[in-house]
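The values are calculated or read from the model by the stated rules, or taken from the named source; none is laboratory data. Note that the coordinates shown come from a computational prediction; the quantities given were computed from them, not determined experimentally. Note: ideal-geometry Cβ built from the backbone for every residue, glycine included; neighbour counts use all protein chains shown.
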Amino acid sequence: MKRFGKMITAVCAALMMCISVAACGGDTNRGQKPYLSYNAPEAAVFDCAARDGSKTQYLKKFDQFATTWSFVGDLPGYTRASSLNQLPALTELNADSLRFDLFMGYTGLGYNIGRTASSNGSTDAEYAQTMEVISRLDALGILPQLVLFACPAYAQPVGDWKSVPIAEKWRELCGNMATYFKEKDIRIGAYEMWNEPDFGTQYFLGDWEEYIDTYLAGAAGVYNADPDAFVQALSASWIHKIVSDKSGNGDLTKWESFIKRASEADLLPDSISWHFYGREGKMEDIVGVSGDGENFSVYRNAILNAITASQNGKSEHDDTAYDLSTLQQHLNEFNIYAPLHEDSRDMWNTTALVPGMFSAIETLLAANDITRVNWATFMSEQTNGIGCSAVDLYSLQRYPAYHVNWMYGRLPINRIVQPTLEDGLFSMAGVDAGRAGIIVYNSSAKKRTASVKLTNLPFENGNVSAYLVDTAHLTYSTQNEPYLLATSKNVASEGLSLTVELEPDAVCYLEVNDAAGTLTDTSYNPLSKHIVRKDYWYPSRGDNTPYSDIHERSLMGYAAMNDNAEGKSAVSVQLKDMTDKTLTLDWQVWGEIEAKDSSALGVKIDFMTDSGYTESVYWSLEGFSSDIALPFGNKGFSTVQKTLTGTEVGKETIVLSEYAPAGWTGRIAVSYVISDAGKSATASFKIAENQNL
């Protein structure tokens, strides 16, 4: 209690204010003086009408990773209620998914799965503990990403949990797991085969070829049980070594051997997964670390080059061109400090990681074929007083790592041009129809004054909130939001200014929501319950390349050239049970738009029959009608072409039954595509069920 009292005193002393309370109308500023004003003369101007199409939009929100130990207690088969009760906090991060390992047959969440010689993953009793987490995630619209990990007795009765599974038993067990969730109509975000098999003998006693055997058996079981399942491989601790180390299979590297064998078995994964933990709050140029093994660019460039080479038939030891254009990457354990490591002692629960986290977000946004990033960790155990939780496992306190994710999760997707700030200050700023937001953080070692102003908001009156995280403003509580500095209700939005003093490593988030209640672009979309799976197309790869993406919980879709004169990209989401649906399609286009013969920009909808996807309708913007054969849907060109009315903004009503072929099953594939559309051309699309018909 004494600590909390000191914190409040520090909060009041930290604010730098500029005008009287009356100027903000219904202001409820906390502290001794108000800090919100209008048209502050020294404020840097953030113009909400100045959309920035030259960089990746803020669409890829951080997902989360939690160890199985953060849910299980000290007794086998027991689950902490306090941990389960933290799961709703994921929705405030706008996270799509939570990854966790099952540690099957042992003391993890998969305690009973395959635990005995007769437990083959087909009974309700085996999933009692697992479903405590999955059922809650399903109710929240959060995808569980499952690490099928540890060798239970059913798959290896004479070994231990690190043993190589018996292939036939492992295939059966994984298949039964996929059948179980499919029959319960629970979508699993990913079935990941094992955890860090390359990390010496820490988690796997077999060699690399035996890991490939394990992957192939498990993937076959899952795909045979559920052809719509999403399967991923590698779960690599050192991806940069996998692409260069020889596996013992001839002259091939571990990567080349994996791709060759998976392709020959017709079991190429939907995604490969890998992990990265930085040092000292950084991803690059880490002091005191020998070699290049801790630099993110080494990991990223190594796997990017390896995938590109295999995709183009130019691997060093294998000239086969493999069909990898839809292969995703999941960076499903990511952090900028080493968990449970001495380097983390003064960082993991402090503001020291704040600048590095925001810098990392920008780096990962540019890596367009990394489609999911899972922060490590949402919750986890501690060792010798060191941990890596965003939410403390015991006190349930939210640490700065959670609040960075919270601020970025709430930030509107659409970038606006950002002015230069005082030395050491950096920003992220976005806007949509219902919200404008500015994040300002201090990366310098000195106190800095941030003064920012919003103009040309898309709404006249707003509800304003300002949040602060620094060493004096940590919230020693279980609330999700950071410390609220001030709030003003139903005030004029134009020219709204914020002036605040930021300590080193501090961050402030100014958010203005439309007082009329207009929904934001990341608001939950009921159609997301119909998602079967999501797929991407990368005809070429690299950072800052043309990209397409969809935020699943809101079904906001984007297609952008990303400051490239040429290139193409597409993303597709399959939706089921759409037979009686009428959709509205809203779109906006901005940036340097240029139409030529090879230009494409629009939406394709493919319709599935018992014979597969057949009919395909392409709605294109005027002048962007170049039809492209995509690797999903009907895997070809469209059968019908339509033109969207409008240039920069528009809305289309689509009665699906009017375009569906005979025998339509009710499933559609909605794809957003872009090609050679202009250097900074950016388009946003939102589909929703038309409630007016």
Requested in this report: Answer yes or no: is there a residue in the range 416-434 that is under 30 Å from T68 (Cα atoms), touching a residue at least 12 places away in the same chain (Cβ under 8 Å) and among the β-branched types (V, I, T).
Outcome: no
Requested in this report: State yes or no: is T91 of a type in the set (S, T, N, Q), surrounded by fewer than 21 Cβ atoms within 10 Å (Cβ to Cβ), assigned by TED's automatic domain parsing to the domain that holds S235 and touching a residue at least 24 places away in the same chain (Cβ under 8 Å)?
Outcome: yes
Query raised in the report: In the range 40-73, which residue that is under 30 Å from E196 (Cα atoms) and assigned to a strand (DSSP E or B) is nearest to the chain's Cα centre (by Cα)?
Result: D63
Report task. Enumerate the strands (runs of 3 or more DSSP E) found wholly within the range 407-466, keeping only those where 3 or more residues are hydrophobic (A, V, I, L, M, F, W, C) and either surrounded by fewer than 22 Cβ atoms within 10 Å (Cβ to Cβ) or within 20 Å of the chain's Cα centre (by Cα) (or both). Result -> 425-431
Query raised in the report: Within the range 118-148, how many residues turn out to be in a loop (DSSP other than H, G, I, E, B) and in contact (Cβ under 8 Å) with a residue 12 or more places away in the chain?
Result: 7
Query - Any chance V404 is in the same structural domain as E280 (by TED's automatic domain parsing), within 23 Å of the chain's Cα centre (by Cα) and either modelled with pLDDT of 95 or more or polar (S, T, N, Q) (or both) - result: no
Query raised in the report: If V391 passes every condition in (1) surrounded by fewer than 23 Cβ atoms within 10 Å (Cβ to Cβ); (2) touching a Lys or Arg at 6+ places or on another chain (Cβ under 9 Å) but one, which one does it miss?
Result: (1)
Query - Test set (1) at pLDDT below 95; (2) under 22 Å from S684 (Cα atoms); (3) not aromatic (F, W, Y) - L601 fails condition number - result: (1)
Report summary line: Filtering the range 75-95 for residues that are closer than 30 Å to A155 by Cβ and not in a strand (DSSP E or B) leaves a count of 8
Report task. Can you give me the number of residues within the range 618-665 that are free of Cβ contacts under 8 Å to residues at least 40 places away in the same chain and farther than 27 Å from G678 by Cβ? Result -> 4
Report summary line: Within the range 458-497, restricting to residues that are closer than 24 Å to N349 by Cα and among the aliphatic types (A, V, I, L, M), the one that is modelled with the lowest pLDDT is L474
Query raised in the report: Of all residues in the range 95-115, which are at pLDDT 95 or above and of a type in the set (S, T, N, Q)?
Result: S97, N112
Report task. Restricting attention to helices (runs of 4 or more DSSP H) lying wholly within the range 177-278, give those where 1 or more residues are farther than 17 Å from F149 by Cα, touching a residue at least 40 places away in the same chain (Cβ under 8 Å) and under 23 Å from the mean Cα position of the chain (by Cα). Result -> 239-242
Requested in this report: Just one of (1) of a type in the set (V, I, T); (2) touching a helix residue (DSSP H, G or I) at 6+ places or on another chain (Cβ under 7 Å); (3) closer than 21 Å to K162 by Cβ trips up T56, so point out which.
Outcome: (3)
